[in-house]
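Note sheet for the following structure.
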Amino acid sequence: MSTNETSYRDKKVMSIGIVKELTGLSERQIRYYEKRSLLFPDRTNTGIRKYSFSDVERLMDIADRIEEGVQTSEIRTELAKKDEARKMKEVKNQMLQGQLNAHFKRKL
């Protein structure tokens with residue numbers, strides 16, 4: 001996948017109503033997690049929140065951690081570490097892909 005493509009999992013296309021149905025969380029809970037910087041939905045020009053399948057998975061993880069008694073500040077730290085690790089992995093993969101492309105272009 002090129003850097004300009006977005007995985008279907010990351011496309012922000014769902015409304016809060018659909019996310020509410022998928023997660024079993026209330027709109028109030030979802031908005032609270034956004035307010036606590038645990039979730040970052042896109043907004044349309046009219047202010048409607050849009051979520052992705054990745055957001056739904058994140059919400060489920062957040063809800064599980066809350067149920068275990070973990071504070072939102074701790075969850076935010078954990079999520080930031082996971083996001084950073086994911087970004088570093090993507091960068092490494094892009095670098096490796098570039099090296100492979102350069103290597104095979106020389107062979108041709």
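A few remarks follow.
- Per-residue surface analysis assigns E21 an accessible area of about 150 Å², computed on protein heavy atoms at 1.4 Å probe radius.
- Estimated [θ] at 222 nm from DSSP helical runs (n ≥ 4, -39500 (n - 2.57)) normalised by residues in the chain, nearest 500: -21000 deg cm²/dmol
- Shown here: segment 27-108, whose C-alpha atoms stretch 58, 35, 16 Å along the first, second and third principal axes, sorted largest to smallest.
- Positive-pole candidate from T23, N101, G47, dipole of the chain, charges at beta carbon: N101
- Expressed as a fraction of 2.2 N^0.38 Å, the value expected for a compact globular protein of N residues, the C-alpha radius of gyration of segment 48-88 is 1.25.
- Label-point separation, Y8 to E57 (7 Å along Cα→Cβ), nm: 1.4
- Cβ-Cβ FRET estimate between S15 and L100, R0 fixed at 35 Å, reported to 0.05: 0.30
- The loop-placed trypsin sites (Lys or Arg not before Pro) in segment 22-108, going by DSSP, that have at most 15 neighbouring Cβ atoms within 10 Å of their Cβ come out as R36.
- Note on F40 and V91: with the Förster distance fixed at 22 Å, the Cβ-Cβ geometry gives a FRET efficiency of about 0.60.
- Rounded percent of accessible protein surface that carbon and sulfur make up, the chain, 1.4 Å probe: 51
- Each Lys and Arg contributes +1 and each Asp and Glu -1, all at the Cβ; summed about the Cα centre of the chain, the dipole is approximately 600 debye.
- Between the helical axis of 72-107 and the longest alpha-carbon principal axis of the chain there is an angle of about 20 degrees.
- Qualifying lysines (Cα of each under 30 Å from Cα of K82; at least 8 residues distant if same chain): K11, K12, K20, K35, K50, K92
The values are calculated or read from the model by the stated rules, or taken from the named source; none is laboratory data. Not measured: the values here are computed from a predicted model. Neighbour counts run over all protein chains shown; Cβ positions are idealised from the backbone, glycine included. To get the accessible areas, we keep the full protein, side chains included, count just its heavy atoms, and leave off ligands, DNA and RNA. Shrake-Rupley method; radii C 1.70, N 1.55, O 1.52, S 1.80 Å.
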